[in-house]
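Here the structure is laid out as structure tokens; the discussion comes afterwards.
No value in this document is a laboratory result; all are computed from the given coordinates. Computed from a predicted model, the values in this text were never measured in an experiment. Using ideal geometry, Cβ is built from the backbone for each residue, glycine included, and neighbour counts are taken over all protein chains shown.
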Amino acid sequence: MGRALFGVLGLFLLNILLYCGHAQDALLHIEPNWSPLFNGEKVTFICDSQEGNIADWVYSFNLNDHWTNYRPENTYTLSSLTTGDSGEYQCAASQKSSNVTRRSNKVSLSVSEKPKAQLRKDSPVAGRVTLTCSVGSSSSPSSSGWKYFWYKHNKYSEPLKPGDDVLLQSGSISPSGGGVYWCRGGRGGGRGDPVYYTEYSHPVVTNRAVVTLQHDWPEIYSGETITLTCGIEEGGGSEWEYEWRTPDYYTPPNPRGSMMTSSVRGDYSCKGRLKDGASTTEWSDAFTVKTSAKPKAQLRKYSPVAGSVTLTCSVGSSSSSRSSSSSSSGWKYFWYKDDKTSEPLKTGDDVLLQSGSFSHSGGGVYWCRGGRGDPVYYTEYSRPVVTNRADVKPNWPEIYSGETITLTCGIEEGGGSEWEYEWRTPDYYTPPHPRGSMMTSSVRGDYSCKGRLKDGASTTEWSDAFTVKTSAKPKAQLRKYSVGGHVTLTCSVESSSSSSSSGWKYFWYKDDKTSEPLKTGDDVLLQSGSISPSGGGVYWCRGGRGAPVYYTEYSHPVDVPQPVLTVSPSWTSPGDSVTLTCSVEPPSAGWRFFWYQAVPELSLNYTYELLVGNTTGTEQDSYILHGQTHTAGYVCRAGRGDPVFYTLYSDVKFVWSGGVNPAASLTVSPHRLQHFSTESLSLSCEGNSTEWKVMKADESGFMSSCSYWGQMTGSTCNTDTRASSGVYWCESATQSSNAANITTHNPEEAASSSVFLLLLVVGLVSGVLLIILLLLILCCYRKSKASSLSRSQRTNQSPATDHMINQGETQDGHYAALLHGDSCLYETIRGSGQCEPGTNDEPEESDYQNVMMETAAGTSSTTDHVVQYE
């Protein structure tokens, strides 16, 4: 024990010495190594420990005495520099396997405001212009690494390429034509990073302004919004500001190169000005705007072929001297069916033809209007053209007693807000009103309707009568199917009509039919009124339709059983037998039980394979597995009847094995089962597979894979932040590994517990040593006393005395036995020599020796616990 304590103290002193040891300096450098750097540029600090691999160290970076947290990467990147990032930087590297920390040299960083390129125009030869771009002054090295990019007409366009203009060296070009030019510098852009650009230079331009109408329309209408554009010859773009003179006002310089006007008559002119005020064009020639009154679309109907109708829309001209074809230049046509305020028809809604015409695919009410420009300027709607009749339709083909139904007056391929409706019912007549539907509590009798256009231009005939007939309230039908071990429940509403269930939705109830209906997620919901229950229980269903909902009667109940599987024991040693027990609630006769092994897949799912010799099941509700050698999962289910009805599968239950399986094994690092809750774990899988996943079952039995609480890389799982208690094992597509039952502890509690155990061990060892010392003293004292008495008796003995001594020895047998027992105890503790057992002292020796051995065993157990925990 003493040696163990000295070992712990030695390790502690060694760590202190290593921490205080001298370490050589690290090296800090930056990429790119330009000076100065500018706002928005990117710089990366690289810390070199100058020893070992990067992964052997953790790194921290310092800006003006503010250190970052330690991190595994040896780089630190400032992605978008600001002037506030100027200063001195330093890094530190700490070795993971020791307390060695190395600090680097200090690196100064200077960050300046983003530079602006300088553009200079020269004319070295008459009639020829050379533009030269630069960054910074000639006396500073700030232009290191710069390349130059040229732009024409619009500085946000793509840069010029060789051939677009005559490009020269040293950041210069000779333009091949007039226009507006910009330049800017750029550098960097390595390893996939974007190029860092300077600000654009000021523009250099030569051009004049021209006013143009966006569309070449021969006639403009009152209220129509038109767009006039101020064009800069061979130039333009966002570096220009524009001034306008209109019939009503003058605009100061603004960045908009075009203007929209509500077609006010008069003259419009413009001129352009560079935003920096360096240049301005002359006023353009005036553009004169003339307008006409807003037109109304014309809709005509033709029947070129018997049985077909063609509708043609056009926009006429207010000027008799112009033909309609020329006056409609730029028009597009919008068609409306049933309601002219609805969305316009699209190609496919009807067969659209060219020249503002289409052949409609059915009867209805139609309008049209013309539109052009952006935003669109619309003409007035045309008059409607209609052909249709009324028809009464219910929302369900079969109606039940007490159900509220909706009857709709449909205008054949027509309807909408332009119609009013009249109704005749078994009880009353309604005057025209805008509602095209009515609700009734299924009163038997005849219902009919007709439609009238609101402007009174047309009315349909009365529709054919619809006769309402009702049936008795239906009851939902619930059926149960069992296919491939899965139970499916199907709900339906049956009646005399094959389509009587039209409109039904289905509501499901579990355990109590008066409870809230099940929702998606409570069970696996399927289509067509079916569910696959995720657990056992009693289920009901009923149908419902309409608003307010009309419900059918509840179906009869179905009992869907799910067995419960238990395993004993849950933890085994190689070769143990395991008993599987399958119980069905409520219990009843006639069940046969089927036993399966859960074969893992690469997902969280399992496939179930019948155990060998279990094709027909067993009558007994238990099954014994002999010679269990490895971790495995099992499920069961029961079946009875002919054809066989199967219960649901039970939940998967695992039999855990700590023994190593040669085909699949789990290795835990750190290599122990007791861990701190703040530790990260590394769990590695090995065996006859190329794809692995690490699984965990927590204390509640919930199973999850590494992807939920860690990072799976290859065949190794690393926990993200901290470990948690549970059983861990590996799975491949066909097999499972040994299991590890890992327990985590809070570091603070573990520390206080370790201190307490250490003090307890020291106290116990001290107590044992004190007891041994007292026994040695007592033993020496008794031997000395017995020796003295013996010498005295031998000196003064006589025959009578001999008789008395022998008699005394017989009477003092217990004292002799006690001495013998003490001697045996001492020899047992010391571990040297052998004691001969006495006749009357064996029970006393055994009892006393057992007490001492139990005390020693308790001390040893406590000591082992402390060493293992540390």
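Most tightly packed first, judged by the mean number of other beta-carbon atoms within 10 Å of their residues, the peptides 397-404, 510-517 read 397-404, 510-517.
I'd like the trypsin sites (Lys or Arg not before Pro) in the range 612-716 restricted to DSSP loop residues with at most 12 other Cβ atoms within 10 Å, sorted by number. Working shown, then result.
Values: sites: R637, R640, K653, R672, K693, K696; in loops: R672.
Passing both the DSSP loop test and the Cβ count: R672.
In Å³ and rounded to a whole number, note down the convex hull volume per residue for the Cα atoms of the range 516-656. The partial results should precede the final answer.
On the way: hull volume 21.6 nm³, N = 141.
Residue-normalised Cα hull volume stands at 153 Å³.
For the range 538-693, the share of DSSP beta bridges that are antiparallel, to the nearest 5, is 95%.
Would you tally the net charge around L453, using a Cβ to Cβ cut-off of less than 12 Å, leaving L453 out, and scoring K and R as +1, D and E as -1?
Numbers: positive: K340, R383, K450, R452, K454; negative: D338, D339, E418, E420, D455.
So the environment of L453 carries a net charge of 0.
Taking 27 Å as the limit for the C-alpha separation, the pairs K450/K473; K510/K693; K116/K161; K340/K450; K296/K346; K505/K653 exceed it in the case of K450/K473; K510/K693; K505/K653.
Mind running the shape call on the range 566-721? Use the C-alpha gyration tensor, a ≥ b ≥ c as the square roots of the eigenvalues: rounded below 1.5 for a/c, prolate if a/b tops b/c, oblate otherwise. Note, shape of the range 566-721 comes out prolate.
First select every other residue whose beta carbon is under 14 angstrom from the beta carbon of P247; then total the charges, Lys and Arg +1, Asp and Glu -1. Result for the local shell: +1.
Among residues other than Y200 with Cβ under 13 Å from its Cβ, the summed charge is +3 (Lys and Arg +1, Asp and Glu -1). What is the range 570-640 by shape, rounded, prolate or oblate, if you read a ≥ b ≥ c off the alpha carbon gyration tensor as root eigenvalues and call it rounded for a/c under 1.5, prolate for a/b larger than b/c, and oblate otherwise? Since a/c reaches 1.5 but b/c is at least a/b, the shape of the range 570-640 is classed as oblate. Between rounded, prolate and oblate, where does the range 32-102 land on the alpha carbon gyration tensor, with a ≥ b ≥ c its root eigenvalues, rounded for a/c under 1.5, else prolate if a/b exceeds b/c? Cα axes put the range 32-102 in the prolate bin.
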